[in-house]
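The block underneath contains the structure these notes are about, expressed in structure tokens.
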Amino acid sequence: MTRLSHGFAMGLCLCALLAGSRLGKPAKAEDIAERARELHFSSIVLDTHDDTTQRFFSKDFDLGRRNPDGHVDIPRMREGGMNAIFFSIWIDGRIMGPPAVQKALDQIDAVHQNVIKYSKDLVFCRTADEIRHAHAQRKIAALIGVEGGHMIGNDIRVLRMFGDLGVRYMTLAHFYNDEWADSSTDKPAHNGLTDFGKGVVREMNRQGIMVDISHVSDKTFYDALEVSKAPLIASHSSCRALCNHPRDMSDDMIKALAAKGGVIQVNYERSFIDQAYKDAYDKLSGGIVAGFEAIAKSCGDDQECLQHKMTDANKQLTAEGKLPHVSWEKIIDHIDHVVKLVGPDHVGLGSDFDGATMPEGMEDCSKLPKITEALMRKGYKDEDIRKILGGNLLRVMEQTEKVSRELQAQ
Ligand SMILES: [Zn+2]
């Protein structure tokens, strides 16, 4: 650098500093915060995985008021600009057959009843267009995803009825293998998808139910990718390249998912986004499934108890220094990893609110605007941020709807 250009650069720096000091802080930073809020609160912010449904069965929870615990309710959704939510239907993966169907129906009904109860704020949606319409009316779009193929009770007719009841995605398996799909956290039993399992995927295509590959084994993922005529989603998974967890996706899987138009919705769970945390947690608990089983055993059927005990155990272990701190900014690292790998069209948000341990700074859904601001500070274009917040998932929904129409016309 010459003396002249050095002086010129210094001059520029001083100008910026003077301008900044007049406003109290650097003008540019303030601009970004304001622009980010504007972008965030005018976007469709869609989360594909929330376990809040479990709380509908607790007398202490009310979706319509601000609750002192948990991650999601209408006031906090409004505050965080989260205006489209997939309520997850979940039961323990070891419950199969008719009891699994019955319990799934109880939860589907609970979602519909809550939407009716809070119809001033919520509207039940089945299509991408309905979500856009809800957004235009300033309402929160409520959708349903079934988390685990065990809930169809090994009966394809139940899957069709789920479709009629408004289920818009189904995760092929949960923590355990079901009768026709291998899980990523169980010993392989079917070498991926069985023939019946492949039939389930085809029927999901016909019904317009998105095929969710979170929780499934790598082989199940590749089988589903081959069979499905519609793009796949990972409703709540992160990147193995940054945190080597079987619940996350490898770079090869993300590339294959993206090549067929799919989307990975990043999960905020600490042990899925931070390697040091995962390693420490595994050492303490003997692995995620062992840890989950120990707490599940003490809570029986009570999901509220399960969630509280998981959160309390985590807080205590972090305070004792046995688990490292994890910042919410790790979420941004995972989004950015996918964008660098396959571009901005194949990543979105799948928090796992009310079903996972949130990183520090993302205590609940009211903190979501931070994600938009962080992406803007990284230099992401507005249109790409909108895609990540919800546009990419809407695109996959539309493609799924188109495939369904075509198959039903045959
Ligand atoms: Zn899950």
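The values are calculated or read from the model by the stated rules, or taken from the named source; none is laboratory data. Keep in mind it's a predicted model, so treat the numbers as computed, not measured. Cβ coordinates were reconstructed from backbone atoms using ideal geometry, including for glycine residues, and neighbour counts include every protein chain displayed.
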The condition from (1) under 30 Å from M376 (Cα atoms); (2) within 16 Å of the ligand (Cβ to nearest atom); (3) of a type in the set (D, E) that E38 misses is numbered (2)
Counted residues, segment 162-191 - those being more than 20 Å from I264 (Cα to Cα) and part of a loop (DSSP other than H, G, I, E, B) | 13
Could you tell me whether segment 342-364 includes any residue that is surrounded by 17 or more Cβ atoms within 10 Å (Cβ to Cβ), at pLDDT 95 or above and over 18 Å from the mean Cα position of the chain (by Cα)?
-> yes
Looking at segment 292-306, is at least one residue modelled with pLDDT of 95 or more, out of contact with any Cys (no Cβ under 8 Å at 6 or more places or on another chain) and not aromatic (F, W, Y)?
-> no
Would you mind stating whether D218 is closer than 19 Å to S250 by Cβ, within 16 Å of the ligand (Cβ to nearest atom), more than 16 Å from the chain's Cα centre (by Cα) and not polar (S, T, N, Q)?
-> no
Hey, among the residues in segment 130-181 that are of a type in the set (D, E, K, R) and buried (at least 23 other Cβ atoms within 10 Å of the Cβ), which one's farthest from F353 (Cα to Cα)?
-> D178
Any pair with Cβ under 8 angstrom, 6 or more apart, that starts in segment 169-197 at a residue that is farther than 23 Å from R240 by Cβ and ends at one that is away from the ligand (no atom under 16 Å from the Cβ) and hydroxyl-bearing (S, T, Y) | E179/T194; W180/T194
Selected residue (criterion: surrounded by the most Cβ atoms within 10 Å (Cβ to Cβ)) from residues of segment 42-85 that are among the β-branched types (V, I, T) and within 16 Å of the ligand (Cβ to nearest atom) | T48
Could you count how many residues in segment 246-263 are farther than 22 Å from N177 by Cβ and within 16 Å of the ligand (Cβ to nearest atom)?
-> 0
Looking at M358, M362, which is the one that is away from the ligand (no atom under 16 Å from the Cβ), of a type outside the set (V, I, T) and in a loop (DSSP other than H, G, I, E, B)?
-> M362
Every residue from segment 203-221 that is part of a helix (DSSP H, G or I) and touching a residue at least 40 places away in the same chain (Cβ under 8 Å) = E203, M204, N205, R206, Q207, T220
